[in-house]
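Below is one structure, written out as structure tokens, with a few remarks after it.
Computed from the coordinates by the stated procedures, all read-outs in this text should not be read as laboratory data. Since we're looking at a predicted model, the values are computed, not measured. So basically every Cβ, Gly included, is an ideal-geometry build from the backbone, and we count neighbours across all protein chains shown.
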Amino acid sequence: MEAVRLLQDVIRFQATLCDTSFGKELIPEASPVLWYGRPGLNQWLTIGTNPSRGEFLHRDGTPRMGQAQKFYWRDTLSFEDYLGNEEALQQTLERASVYFESGRATTSWFGKPGGAKLEALLNGMGRSFYDDPNAVIHVDFFKFATYEQMGKMRTGRDWMEHPTSIELLERTIAYIKPSRIIVLGRDNCRALNEFSTIGSLSAYPAVTYEIGRHESGIPMIGLHMKPSEVFVGIGNGYDSNGLHYGSYAKREHLLKIGQAIETITDEWLVDGRA
């Protein structure tokens, strides 16, 4: 099974990382996260940075278990045993696939059904993580949970953009075969470097977007923002239209931002600039 082979190669990379100086940054018993949601047909794919520690650990640092568990926990299983344990591999894939179906999604990042965050932006574009569980699937550049945020670690970005990490991301994209890709965050857009058009929204000038095509031909949107992180970096003031930057994170505005980006993308595709 292709998904199992991909997972095994991701586990091998995790084992390699654990033997480097960066290994202390990883939550070693946390399984790799190949995706959030169940791969299906005609899906949109959103791409973030890496799994947060909260996907595996409570705030006090203890592992999420029982009803609180979201992803597979390797526990005492060695990497070698993990690679050959069919049940463990299938559990890893299944827990990732039921992420939104199980009601255990991290709503503080993805947003609640009918709420704000990334879900609201997608709603404005006519999609949802929840209304149709197969409409959107999420993946991360780097498939391993870390104790600290990647951006706070000196070599985090280097490992995230390591050739093996990028190869595994590209293989994940090839496996899912999405109909559209949405890349979240300016640095993540730069890492893919396959965009041909850049602009900002007239009604929301702090929102910078890029449009292009993935090397496989899939239409790709890049956003220099992460709606789930309250537009980090744009400040606490007002934009040129007099709208406070804090308002950008409200559902009503995220819906409009999503609608505007969808309209621009559709025009870009129709005009043949692709």
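Any chance you could list the semi-axes, whole Å, largest first, of the equivalent ellipsoid that the Cα gyration tensor gives for the chain, using √(5λ)? Each step should come with its number before you reach the end.
Numbers: eigenvalues 194, 80, 67 Å².
Over the Cα atoms of the chain, the ellipsoid semi-axes are 31, 20, 18 Å.
Find the Rg to Rh ratio for segment 47-158, where Rh is the Kirkwood radius over alpha-carbon pairs and Rg uses the same atoms. Show your work: numbers first, answer last.
Details: Rg = 15.3 Å, Rh = 15.6 Å.
Over the Cα atoms of segment 47-158, Rg/Rh equals 0.98.
Using the count of nearby Cβ atoms within 10 Å as a rough guide to exposure, how do 136, 207, 98, 270 rank from fewest to most?
Working: 136 27, 207 23, 98 16, 270 9.
Ascending number of Cβ neighbours within 10 Å: 270, 98, 207, 136.
Once the other residues with Cβ under 11 Å from the Cβ of residue 108 are scored (Lys, Arg +1; Asp, Glu -1), what is the net sum? Could you put the intermediate results ahead of the total?
On the way: positive: 112, 117; negative: 229.
For residues surrounding residue 108, the net value is +1.
By count of other Cβ within 10 Å, fewest leading, how are 271, 60, 75 ordered? Mind dumping the intermediate values first?
Values: 271 8, 60 5, 75 11.
Least crowded to most crowded, the residues run 60, 271, 75.
Using only Cα atoms, find the angle between the long axis of helix 251-270 and the longest principal axis of the chain, and express it within 0 to 90 degrees, rounded to the nearest 10.
Approximately 80 degrees, to the nearest ten.
Please list, in order along segment 66-79, the HN-Hα scalar couplings obtained from phi with the Karplus expression 6.51 cos²θ - 1.76 cosθ + 1.60 (θ = phi - 60°), rounded to whole Hz, x for Gly and Pro.
Once θ is set to phi - 60°, the couplings for segment 66-79 become x, 5, 8, 6, 10, 10, 5, 10, 5, 6, 8, 5, 6, 4 Hz.
In degrees, nearest 10, range 0 to 90: what is the angle between the Cα axis of helix 86-97 and the longest Cα principal axis of the chain?
Result, in degrees: 20.
First select every other residue whose beta carbon is under 15 angstrom from the beta carbon of residue 161; then total the charges, Lys and Arg +1, Asp and Glu -1.
Values: positive: 143, 154, 157, 186, 190; negative: 140, 158, 167, 170, 187, 194.
Surrounding charge for residue 161 is -1.
Which whole-angstrom value gives the distance between the alpha carbon centres of segment 154-233 and segment 114-149?
Distance between centres, Cα-based: 14 Å.
Shape of segment 129-274 from its Cα gyration tensor (a ≥ b ≥ c, root eigenvalues): rounded if a/c is under 1.5, otherwise prolate when a/b > b/c, or oblate? Don't skip to the end; give the middle numbers.
Details: a/c = 1.68, a/b = 1.19, b/c = 1.41.
It is oblate, given that a/c is not under 1.5 and a/b is not larger than b/c.
Report, in listed order, any pair from 117/256; 112/152; 70/117; 226/256; 112/256 with a Cα-Cα distance greater than 22 Å. Walk me through the numbers on the way to the answer.
Numbers: 117/256 13 Å; 112/152 27 Å; 70/117 20 Å; 226/256 15 Å; 112/256 18 Å.
From 117/256; 112/152; 70/117; 226/256; 112/256, over 22 Å: 112/152.
What is the set of long-range amide H partners of residue 57 at a cut-off below 5 Å, with H atoms built 1.01 Å from backbone N?
Here 64 satisfy the definition.
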